[in-house]
1. What is the angle, in °, between the Cα long axis of helix 501-513 and the longest principal axis of the Cα atoms in the chain? Nearest 10 is fine, range 0 to 90.
2. Kirkwood hydrodynamic radius for segment 98-138: how many Å is it when counted over pairs of different Cα atoms?
3. Checking the a/c ratio against 1.5 first, then a/b against b/c, what shape does the Cα gyration tensor give for segment 454-555?
4. Listed here are the pairs 122/589; 429/509; 122/429; 96/383; 449/509; which of them are more than 22 Å apart at the Cα?
5. Between helix 533-543 and the chain, what is the angle of the helix's C-alpha long axis to the longest principal axis, kept within 0 to 90° and rounded to the nearest 10?
6. Angle, helix 607-628 long axis vs. longest principal axis of the chain, Cα atoms, 0 to 90°, nearest 10?
7. I need the semi-axes of the equivalent ellipsoid of the chain: take the C-alpha gyration tensor, multiply each eigenvalue by 5, square-root it, list largest first in whole angstrom.
8. Would you mind classifying segment 209-295 by shape? Square roots of the alpha carbon gyration tensor eigenvalues, ordered a ≥ b ≥ c; an a/c under 1.5 is rounded, otherwise it is prolate if a/b is larger than b/c and oblate if not.
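Only the coordinates and a few stated rules stand behind these numbers; no lab work does. All values derive from a computational prediction rather than experimental measurement.
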Amino acid sequence: MQYGNESVVNLRKMKPEQAANKQNNDVVSGERILGLDGLRAIAIFGVIFYHMFPFTVKGGFLGVSFFFVLSGYLIALTSERSRRKRQYSISGFAIKRFKRIFPPVLLSVFITVGIFYLLAPKAVEGIRSEIISIILGYNNWWQIFQNSSYFTKIANASPFTHIWSLALEMQFYVLWPLLYFWYVMLSRVGSKRKGFSNRGLWFLGVIGIVSAVEMWVMMRPGMDATRVYYGTDTRLYALMFGTFLGMRRASLTQVKKASARFKKIALAAYALLMIFLLFAFFFFDGQSTFTYRGGMQLVTLAFCAVMVLTADARLPFGKLLEWAPLRWAGQHSYEMYLWMYPVIFLFSIRKWTRLPGAPLLEIIVILLLATWEHKAVEWIVKKEIVFEEGVYMTAKRVAFFVATVLFTAAFMLGACTSVTSGRKNTDTKVLEKQLKENEKRLKAEHKEKEKEENGKDKEQKTEEIPSVTTIGDSVMLGAAPALEEALPQDAVVDAKESRQVLVAKKIVKHLKKKNKLGHIVVVALGTNGPFKESLGQELIDTIGADRKVYWVNVYGPTIQWEDDSNKTIKAVVNANDNVELVDWNSYAKRNEDWFYQDGIHLKPSGQPEYAKMIYSAIEDDLLAWQKEHDVEEK
């Protein structure tokens, strides 16, 4: 991502009108546009807090769209600046982008792999293909492909999930010289005819509009958002809107003095835009269809408006955002972005999130790593390093060089690990085959039972309700044969890959309608994503207070949300007298040899144990129900 400073104009000591005209008439070198670092800071903290507090700042991921807008804006301005100085070249553009992007990303990626190899080795097994996708700039499409398979998605939890956006920007940088060429050509052709001088601008704008509409059209209710969220074609619009604004800015030749009325309107608009963006950061949901069918597009337009108002030197917003901490965070936002997810991911899978003050510790570690990398890249690229004068200058130098020695060792270890760890030496194919076979088997059994039901009269159908129904995800699906063996013959096992609590309410309603929801209901969900207590309560209410519910909690060393899911499950259990906890997490921890290499799905040796645990939990209620209904014990 292009988060670094781009030299445009130094406006600090000018009057507003002079500064505005200076910016637009002289797009040559200077320092920077006031306030853009502050906007970067807002965006990066939105993204960080989203990953740290997904239930609270659940729209923080929208900060990435802000980065895209800023990148497009600055790329357009700097390209036009170079062209006007007759210095623009594709090779020069490529070299500049390479120097800006690759040293930080290579450092952070290989150091991360080295650290994870020591502290969480399972997370970097078979990492080579992912590293290649990062270096070659197609990681967003790599992730789309991985997420097309549920198993690969859940088993390949990675500290580099966030790199998709960097890949998208790299692809944009490859496209930009061609887009810029057509912009220049169309602008020249249009300028010969009165009223058509903006033809090049509209070329950029139309591409953005097409991309935004494509996201809207492709996203359908109930659809997984992976493709539209990661796709270059569906996310390009934010970058293109940025280039449109950047070129529009560069094309202005004269800016009028701002009237008092204009300033009042701008102030009100800025306040409303910021309130709206704050609302979006807290309330827009990444799983909601609305987010992709108007919501994200609307937020992107709001980002565009905020950026334009901030960059207008006639208005005070740019100077307000020059607050030193915001400016520092903006200048280090690229490095913060690269390090944030590896740090959060490591804290999560190592269970350090349970430590007192863990969120603050995460922030401190991210800031320290970003500071070190910023200096290290300065040293690598510029062959020099500058430390601020002061009483701590010597301590800073010592700390930097000690950290550099340690990180160099981690870098070498990470590079070696990335090269040597090819495909995961796991039983991935065996497990995938097993899950498919079990799913096929369950479908066939359900169809067979439906045929039997169709042969019975209406009275029998309404009276016969199974003793036990289990609702689960791929963990239960893998153990389905063993579970069917352990449970009564009339038990219904309903398990499917990728299943989340979000869809369970609908499943329960369907089972009720078919008279397949048993007196005892076993729920084994939460592995595929965290959920709110209110959603869990809705599920229990849908099942009904007249049924006994057993909720199997979550186990998975590489599942980031393991603790979140288990806390929510426990809260739901405590809030309902008819719900009991089946503590699979504690049981599984004592028997890690039962699991495949992902630490989530069960080997054949562990599947009967999973089934026995569930049967033991429900045994008393089951026997009582069988006795009451005069049913033979299996």
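1. 40
2. 10.8
3. Values: a/c = 2.08, a/b = 1.40, b/c = 1.49.
Oblate shape, in that a/c is at least 1.5 and b/c is the bigger or equal ratio.
4. Correct reply: 429/509.
5. With rounding to tens, the tilt is 30 degrees.
6. 50
7. The equivalent ellipsoid of the chain has semi-axes of 53, 28, 22 Å.
8. Values: a/c = 3.86, a/b = 1.66, b/c = 2.32.
Taking the square roots of the gyration eigenvalues as a ≥ b ≥ c, segment 209-295 is oblate.
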